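Reviewing the structure listed below.
The values are calculated or read from the model by the stated rules, or taken from the named source; none is laboratory data. Computed from a predicted structure; not experimentally measured. Don't worry about glycine lacking a Cβ; one is built from the backbone with ideal geometry, like all the others, and counts go over all protein chains shown. These accessible areas exclude ligands, DNA and RNA; they are computed on the full protein's heavy atoms, side chains included. Shrake-Rupley method; radii C 1.70, N 1.55, O 1.52, S 1.80 Å.
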Amino acid sequence: MGCWKQEKTNTWAFPTLILCLYGFFYMMKPSEPFLTPYLTGPDKNLTTDEVTNQIFPVWTYSYLALLFPVFLLTDYVRYKPVLLLQGISLIITWLLLLFAHGVMAMQVVEFFYGMVTATEVAYYAYIYSVVSTQNYQRVTSYCRSGTLVGATDFLPMPQRSMFFHRKDTSEPLPGADKGVAAGSSHRPSSCQEEKSPNPAARGPTPQPQAGNARPHSHMLSVLLQLAKDLRDCYSSRKLLYWSLWWALATAGFNQVVNYVQVLWDFRAPSHSSAVYNGAVEAIATFLSSVTSFLVQYMKINWDHFGELALGIFSAIDAGCLFLMHFSTNIWACYASYLIFKACYMFLLTIATFQIAVNMSMERYALMFGLNNFIALLIQAILTIVVVDSRGLGLDMVTQFLIYGSYFAVIHGIFMIRSICVLVSCKCQ
């Protein structure tokens, strides 16, 4: 029995299955599409302005403040305990949402939900620590299409992490001797490959054992290694552009998801209209799952056409947001949201595995954390300027005009970049 258990945990299928189940149940939140009507209804009796300008912004600020500490904690405890923390934070969130009252109490709810989303780094970094490189595209597709629920004790504990639990570099990474990842006919050179062509040396430089140095010296070496890894990873132009899109698009996506219910309630007030927020969110999640699942079957040279895809789908997202702004029809808003979310999840799945296959597992967690941190900085700026009552405090319809313009700028950046790439390839 023990041999069978050890064998199944050494394959990509078992941890992927467990994480997909985790993702499925975590994302099963049937009441979430009705959060705004619930907060502004008789149960909580809050105003729309309080929800929009005082409560929802707290999630952005807490997510930003917690992300970096949680990232370091994730690496130190090796992922699994952070998944348990995520589940506990989610339970606290829902208990407060059910029984607490008042603006301050709902701000505490948003703080704990910020903890929930900050700990997502453990989920998306965990899978790359227990599967081989050649399965990255497949497992990314599966996990994205399943996306996230409570932690389970069946998850095997990874034996290494990025900084605090290192292995000697003579030990190859999972699948390091099994060739390149599927789905890319010409694997682009990564920051690791540029520094060392030896697959056994893809991980970060080994550090002295913690027992042989004072604690503060070990922490200093960890921070120095972190800074070195950041410099090395972002020196790769391919990784830089995928990360740039990730940060820019995620900031805009989070803003839209955070405030789209307020727009829906403005277009079709829940107290006087038949609303279908739950059905729309369910369909949007299903479409996102389908598009993410289909990524594993796409055999495209992303080196040549990656930026083009980013530019085209960012334009579609911008168009959807402009339609939400200009149309007064709730069904047009619903349809636009479906397309917007499906396009974003499709591109995010591609960006995730493109970054993952071009670096060691240890550095992927670092880039995931930093990309989301940059996204949150951008989102915090958008929130302060556009939403927060201490900033412009724009009405919800005008906000979506800003978000549409934001994605139009992203489209312009990557279309220009794609033209440069294609012209360069043609000349060569």
Answer residue from the range 33-76, given it is touching a residue at least 60 places away in the same chain (Cβ under 8 Å) and among the β-branched types (Val, Ile, Thr) and is most open to solvent (accessible area, probe 1.4 Å) among those: Thr48
Test: residue in the range 85-105 that is open to solvent by less than 10 Å² (accessible area, probe 1.4 Å) and of a type in the set (A, V, I, L, M): no
Condition check for Phe346: part of a helix (DSSP H, G or I) and within 23 Å of Thr60 (Cα to Cα): no
Positions within the range 388-428 being surrounded by fewer than 18 Cβ atoms within 10 Å (Cβ to Cβ) and among the hydroxyl-bearing types (Ser, Thr, Tyr), in sequence order: Ser389, Thr398, Ser405, Ser424
Subset of the range 313-331 that is within 24 Å of Arg267 (Cα to Cα) and of a type in the set (Ser, Thr, Tyr) - its residue that is most open to solvent (accessible area, probe 1.4 Å): Thr328
Candidate set from the range 266-300 (those that are of a type in the set (D, E, K, R) and in a helix (DSSP H, G or I)); member that is nearest to Ala351 (Cα to Cα): Glu281
Selection from the range 280-321 of residues that are under 14 Å from Ser336 (Cα atoms) and among the aliphatic types (A, V, I, L, M): Val280, Ile283, Ala284, Leu287, Ala315, Ile316, Ala318, Leu321
Residue check, Phe340 assigned to a helix (DSSP H, G or I), out of contact with any Phe, Trp or Tyr (no Cβ under 7 Å at 6 or more places or on another chain) and open to solvent by 30 Å² or more (accessible area, probe 1.4 Å): no
Candidate set from the range 16-32 (those that are hydrophobic (A, V, I, L, M, F, W, C) and open to solvent by 60 Å² or more (accessible area, probe 1.4 Å)); member that is modelled with the highest pLDDT: Leu17
All positions within the range 30-57 that are assigned to a loop (DSSP other than H, G, I, E, B) and closer than 18 Å to Ala274 by Cβ: Pro30, Ser31, Gly41
Unique residue being in contact (Cβ under 8 Å) with a residue 12 or more places away in the chain and under 16 Å from the mean Cα position of the chain (by Cα) when the list is Ile316, Ile339, Ile330, Ile374: Ile374
Inter-residue pairs, beta-carbon under 6 Å, first more than 16 Å from Lys29 (Cα to Cα) and modelled with pLDDT under 90 and in the range 78-107, second open to solvent by less than 80 Å² (accessible area, probe 1.4 Å) and assigned to a helix (DSSP H, G or I), 6+ apart: Tyr79/Ala122; Tyr79/Tyr126; Val82/Thr74; Val82/Ala122; Leu83/Ala122
Meets criteria (of a type in the set (Ser, Thr, Tyr) and within 21 Å of Phe266 (Cβ to Cβ)) for Tyr334: yes
Selection within the range 283-312 - open to solvent by less than 60 Å² (accessible area, probe 1.4 Å) and of a type in the set (A, V, I, L, M, F, W, C): Ala284, Val290, Val295, Met298, Ile300, Trp302, Leu308, Ala309, Leu310
Complete set of residues in the range 393-411 that are in contact (Cβ under 8 Å) with a residue 24 or more places away in the chain and over 30 Å from Glu50 (Cβ atoms): Ala408, Ile410, His411
Selection count where residues are surrounded by 19 or more Cβ atoms within 10 Å (Cβ to Cβ), out of contact with any Ser or Thr (no Cβ under 7 Å at 6 or more places or on another chain), more than 21 Å from Pro57 (Cα to Cα) and hydroxyl-bearing (Ser, Thr, Tyr), scope the range 225-268: 2
